[in-house]
Amino acid sequence: MNLSLRPNQHKKISAVRLYLTSWLLFNFILLTTLSFAYPGPLPPEENITAPEAFFGFKLGADKKIARWDKIVEYFELLQKESHRIKVINMGPTTMGHPFLLAIISSPENLANLERFKEINQKISDPRGVPEAEIPELISQGKAIVCQSMSLHATEIGGTQMAPELAYDLLSRNDQETRKILDEVIFLMIPSFNPDGQIMVTDWYYKTLGTEYEGSSLPWLYHKYAGHDNNRDGDFINLQESVYAAQILYREWKPQAYVDHHHMGSYGPRLYVPPYCDPIRPYADPLIWRELSWFGSHMAFRLEEAGKTGIINDAMFPGWGHFGWHWITPFHNIAGMLTESASANLASPIFIHPDQLRGESLQFPDYEAQTNFPHPWEGGWWRLRDVVEQQKIAAWAVLDLAARHRDTILYNAYLKAVRQIERGREGQPAAFIVPAEQHDLLTAIKMINTLIQSGIEIHRSTSPLKADGLIYPPGSFVISLAQPKMGLIKNLLGRTFYPDNYWTRSKDDRPLRPYDLATHTMAEFMGVKVDPVNQLPDGNLEIIKEPLKPSGRIESGSAGYRLDGRLNDSFRAVSLLLNDKIQVFRADKQTGELRCGDFIIPRAPTQVIESIAEKTGVDFLPLDSFPEEGTHELRRLRVGLYQRFYGGNADEGWTRLLLEKFELPYLTVKDSDIKSGQLSKKIDLLILPADSTAVIMGEFPESSRRYANYPPEYRSGLGKDGLEKLKEFVNRGGLLACLGTAGNFAIEKFDLQLRNIVADLDSKEFFCPGSTLKVNFNNEHPLAYGLPEKGLALFYGSPAFEILPGNDSEKYRVVVRYEQRDLLQSGWLVGEKYLSRAAAMVEADYGQGQIILIGLKAQNRAQTHGTFKLLFNTFIR
């Protein structure tokens, strides 16, 4: 199986480039000569309903927000009235609302979308395409541009702007518009978060005219992720992400993508590309040039329109999270971001000149500089200002793509070819995911996620030989000689955040990355991946669709056993317990059983078959039931604490994780705890990562966080709730504290523990979202099923020391950091402070227990490698 360019194809690239350059120059001269006489093939569109006529107000008007259901109606109306738009309902969102993709182009282009999609696929991945065909494909193709609006639902300007942008493209017939429609296929996502748009709109109107007008939503504005929904471009956990990945990564592969956002109110009015330093490695360098190209055109058009306060090349670094606009460059897409200064939702705000600030990356002071030549001078700031500037920026991207269609398509081809070359010539040559894994089902989930990202993967049908090693059949091979080489290296190889001029302050203090310091998928998921310097020998077949494993069933004389190393075994056990089927767990290795394996003495065949099919878990034969070293499982009644103050994304992601694995839980709020009746409802309470102040509700009444919400949405345990929680644990309840919630338990429960890194200066200790090496005490029930050694995500995590005292026997370390060379990927300053420190501790408290999971065991439903640390608290 050839995993690279066809033989001799790379030798012809220089000749192709010379030919293409000459051909493009000729067309550029021809188009320039004819540009002012370009008549366009499009007839004028008549009787297009204007947004103001449909909604009854000008979009962006003070104290007005168009709701998503009405926006959907408007786009459906536009499709009836115009031949320039095709509206596709991609399917239901997380909460059941329509997720729209509006495709805007000329009628001729819309009639031939499949042909243009085919052309674009060949340009984006030219392997197997004869070189002589490339110029003709470029001449026939169209520039593909995608723009998405209001991913963060409180950043409402994008979705309010979208109907106006669509109307202008459908109703105008000037030369510029005709050229855009003829040369560009515009993929518009009018709302990336329809559920949140509805929540925010309804909240705004509920508080309109009150002292809380324009305030933030008290709960998450996405059911699970809240603001974190743009941290899901790599793992694709959310339903909206599934649709976006289909559009961006596989089906269309646009040349440019813009995600329109808002930022704080007291700085520049609008950020446009490019990003500032540092940049993440392995993208084709043309990407960074394209971002400057598009961003300069945006800034130029905004300045031309008289808009002030526009900044670029500052504030937002090129190394960010792996959400949509930051991950697309590694798909060879010019992934961009705009950030508008916010009003108070739809309510205007007044800003004095002396309230304006710089104080951000490459923008130290609020004064003119080369990337900010025309400061805004203050005054009233309105949602309409946001709508207007975002529309100009969005239009500028389409305009540039139309003017330079040939160059943009040639760049797409060139980026793909260069990345293939780099992957073929560099090292490693490939990554192999061995069939022999600690948790094969999780490895398959990783493979499926990579396939959703448009990465080419092969599976061996015979033993493979690579770098002197033999890999069994069923192993996966991911060649680097493919267009998405940069994405593969970031997700599967070790990555190190730069420690240099751009990432340190003037006093040498580390500057916190925009998000995590690494996004190494394989490390998060606990999947073994081997880099190899030569492509393997063996029989390979390409995987064209996500894999759907089905569990085998083999009954033994003593029943069945489930592999306790598999995350999905917990899902299978939960389903068995739902059917009142007796399940045991092995507490030590005995014969065919490993410590942590599950035992099912008997179960109806129909139930077993259904669960094996659903989960992919093998029901293996058990020939003899151990005489000792097992215990019968009981599923605890689990509560998950939920607060207001904008909600807690860690709580939301934990809900999503539990639902994916069908582990039942109850949502617990302050009133449930303060009632003193918690033990009647639950056995275990989970506190998601949060600060002690927020958990307690300890804010001064003058603080904005407190005063910004109506009284019924001000949460916190308070002293009474804390005492009731202590009573719950004292009487035998379990309290699991995730991440920073461990600091709450240490302080308020007076535990014999200290957070080692709590008060350290960042010059002494700094570890912003990195994978570290740990040892799991996998003979402890809370670490059953984990390997002896592994990786854990450290992200604002406490690290524990058991202090000297009379109750040391009540504390047990479940996970401990290794002694030295802790860093796997990311950035770590001050390793000595974590050397052999506890990352997870179980403590007796009265008749109950407190479990402190300092590491990010379930971060964003991504860290599969440590899910079992949480799952083991449920099923014991």
(message) Placing +1 on the Cβ of each Lys and Arg and -1 on the Cβ of each Asp and Glu in the range 334-491, which of Asn344, Gly486, Ile447 has its Cα farthest towards the positive end of the resulting dipole?
(response) Ile447
(message) Using the Cα centre of the chain as origin and beta-carbon charges of +1 (Lys, Arg) and -1 (Asp, Glu), tell me which of His780, Trp288, Gly739 is placed farthest towards the positive end of the dipole.
(response) His780
(request) Please list 785-797, 211-223 highest first by mean number of surrounding beta-carbon atoms within 10 Å per residue. (result) 785-797, 211-223
(message) Just to check I understand the Karplus step: with θ = phi - 60° and J = 6.51 cos²θ - 1.76 cosθ + 1.60, what whole-Hz values come out for the range 447-460, glycine and proline as x?
(response) 4, 5, 5, 5, 5, 4, 8, x, 8, 7, 9, 10, 10, 7
(message) Sort 53-60, 734-741 by packing, meaning the average of other beta carbons within 10 Å per residue, with the highest value first.
(response) 734-741, 53-60
(request) Report, in debye and to the nearest 20, how large the dipole of the chain comes out about its Cα centre when Lys and Arg carry +1 and Asp and Glu carry -1 on their Cβ. (result) 760 debye
(message) Probe of 1.4 angstrom, ligands and nucleic acids ignored: what's the accessible area per residue over the chain, in square angstrom?
(response) 37 Å²
(request) Count the net charge of all other residues whose Cβ sits under 14 Å from the Cβ of Val529, scoring Lys and Arg as +1 and Asp and Glu as -1. (result) -1
(message) As a test, work out the antiparallel percent of DSSP beta bridges whose residues both lie in the chain, rounded to the nearest 5.
(response) 65 percent
(message) 5 Å is the cut-off here: which amide hydrogens, built 1.01 Å from N in the peptide plane, fall below it relative to Gly596, excluding neighbours closer than 5 in sequence?
(response) Ala586, Asp587, Lys588
(request) Rounded to the nearest 10 degrees, what's the angle between the helix 405-425 long axis and the longest principal axis of the chain, both from Cα atoms, 0 to 90? (result) 40 degrees
(request) Can you sort Thr94, Thr503 by 1.4 Å-probe accessible area, starting with the largest? (result) Thr94, Thr503
(message) Using amide H atoms built in the peptide plane, which far-off residues or other-chain residues are under 5 Å from Arg635 H to H?
(response) none
(request) Under 10 Å from the Cβ of Lys868, count the other residues' Cβ atoms, weight Lys and Arg +1, Asp and Glu -1, and hand me the total. (result) 0
(message) Quick check: the angle from helix 383-403's long axis to the longest principal axis of the chain, C-alpha only, nearest 10 degrees?
(response) 70 degrees
(request) Using packing as a proxy for protection, rank 138-147, 352-361, 442-451, 199-208 so that the peptide with the highest average count of other Cβ atoms within 10 Å comes first. (result) 138-147, 442-451, 199-208, 352-361
(request) When a/c is below 1.5 the answer is rounded, else prolate if a/b is larger than b/c, else oblate, so apply that to the range 652-768 with a ≥ b ≥ c taken from the square roots of the Cα gyration tensor eigenvalues. (result) rounded
(request) Before anything else, pin down the relative contact order of the range 165-274: Cα pairs under 8 Å, at least 6 apart, normalised by residue count, whole percent. (result) 14 percent
(request) Please determine, in degrees from 0 to 90 and to the nearest 10, the orientation of helix 194-207 with respect to the longest principal axis defined by the Cα atoms of the chain, where the helix direction is its Cα long axis. (result) 90 degrees
(request) Starting from the Cα gyration tensor of the range 337-399, take the square roots of the eigenvalues, sort them a ≥ b ≥ c, and report rounded, prolate or oblate (rounded when a/c is under 1.5, otherwise prolate if a/b is larger than b/c, else oblate). (result) oblate
(request) Take the solvent-accessible surface of the protein heavy atoms, probe 1.4 Å, and return the percent of it on the chain that carbon and sulfur atoms account for. (result) 49 percent
(request) Express in whole angstrom the spacing between the alpha-carbon centres of the range 215-249 and the range 821-876. (result) 25 Å
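The values are calculated or read from the model by the stated rules, or taken from the named source; none is laboratory data. Here the structure is a predicted model, which means the values were calculated and not measured. Cβ: placed from backbone, ideal geometry, glycine included. Neighbour counts: every protein chain shown. Areas reflect the complete protein model, heavy atoms only, side chains present, ligands, DNA and RNA absent. Shrake-Rupley method; radii C 1.70, N 1.55, O 1.52, S 1.80 Å.
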